[in-house]
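None of the figures in this text is laboratory data; all of them are computed from the coordinates on show. Predicted model, so just to flag it, every value in this text is computed and none were measured. Quick reminder, even Gly has a Cβ in these numbers, built from the backbone with ideal geometry, and neighbours come from all protein chains shown.
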Amino acid sequence: MSSQVVLSHEVLRDTVLALAETVSGHLDIFGALGLLLGFAAGMMPRREAILIASAACAASFALHFLRLGAHTGTAMCVISVAQSLAAARFGGRARRPAWFVPFFGLGFVAVLGLTAATWNGWPSACAGIGALLATRARLQTEAGAMRRLFLGASLAWAGHNLLVGSAFGLTCDLLTISGLLVAMGRSAGGRPAAA
C-alpha cells in the first residue's frame, strides 16, 4: 500500500474521530428520544395522548439536561412528568378529584422555588417561564387551549435550549412549535382536533 493511501486513511480516521468527539458532548440517546417524543406530542389528536407523549418527552429531556448540567431544565422536566401524567389521567374529567387543582398549585410553587434554587440567569428564567406556561396548559380541558399555551411554553424552552447549547432541545422545540401550528391550523380550518 502506498504511503499516500495510508496517510489519507489516517487523515480520514482522525477527522472522523475528531468530529465524533466534538459532537458527542451535544448528542445523546435521551436527547434524541426527547426530540422524537416532543414532535409526536404536538401532533397527537387527543388531549390524553398529547399529555402522555409530553410526559415521556419530559422524562427523556430531564436525563439529557442532567447530562448537560442544566439543573433548572432538569428540575422543570421532572415536574412536567408528574403534571402530565396526572393531567392525562384525571384532568379531562368533568369532575376532577379534589386534590387536582391544589396539586397543580403546588407545582406552580415548586417551579418558582426550583427556578430560584437552581438559578443560572436567563437559561433558568426561560425554563421557569416555559414550565409555568406548560403547567397552565395541562389544566386545560380542551386540546386547542392546551396547544396555545404549549406554544408559548415551547418558545420559552427554545430560549433555554439555545442558551444551554442543547441541539436536541432546540430542534425539538422547533419541531414541537411546527407540530402545534399544524394541529392548530388543522383545527381552525374546519377539521376540529379531538379534545
Summing -39500 (n - 2.57) over every DSSP H run of at least 4 in the chain, dividing by its residue total and rounding to the nearest 500, the 222 nm mean residue ellipticity is -28000 deg cm²/dmol
Subtracting the Cα-Cα distance from 0.36 nm times the residue separation, let me have the gained length for LEU162 to ALA82 in nm, one decimal.
-> 26.3 nm
Counting Lys and Arg as +1 and Asp and Glu as -1, each charge on the Cβ, what is the dipole of the stretch 28-187 about the Cα centre in debye, to the nearest 20?
-> 580
Once the Cα atoms of helix 47-68 and of the chain are each reduced to a long axis, what angle between those two axes, in degrees from 0 to 90 to the nearest 10, is obtained?
-> 40
Amide H neighbours of THR118 at under 5 Å, excluding residues fewer than 5 places away on the same chain, with H built from the backbone geometry, are none
May I ask you to work out the translational diffusion coefficient for the stretch 69-146 at 10 °C, viscosity 1.306 mPa s, via Stokes-Einstein with Rh from the Kirkwood sum over Cα pairs, reported in whole µm²/s?
-> 124
The chain: Rg to Rh, with Rh as the Kirkwood radius over Cα pairs = 1.12
Let me have the relative contact order for the chain, percent, based on Cα pairs under 8 Å that are six or more residues apart.
-> 25
Springs between alpha-carbon atoms under 10 Å, Gaussian network over the chain: tell me which of VAL101, VAL11, VAL182 tops the mean-square fluctuations.
-> VAL11
Between ILE29 and GLU142, what length comes free when the chain is fully extended (0.36 nm per residue of separation minus the Cα-Cα distance, one decimal in nm)?
-> 37.4 nm
1/(1 + (r/R0)^6) with r = Cβ-Cβ of TRP119 and VAL11, R0 = 41 Å, i.e. FRET efficiency to nearest 0.05, evaluates to 0.35
May I ask you to compute the full-extension gain from VAL101 to LEU155, defined as 0.36 nm times their residue separation minus their alpha-carbon distance, rounded to one decimal in nm?
-> 16.9 nm
Sorted by Cβ density within 10 Å, fewest first, the residues HIS71, HIS9 | HIS9, HIS71
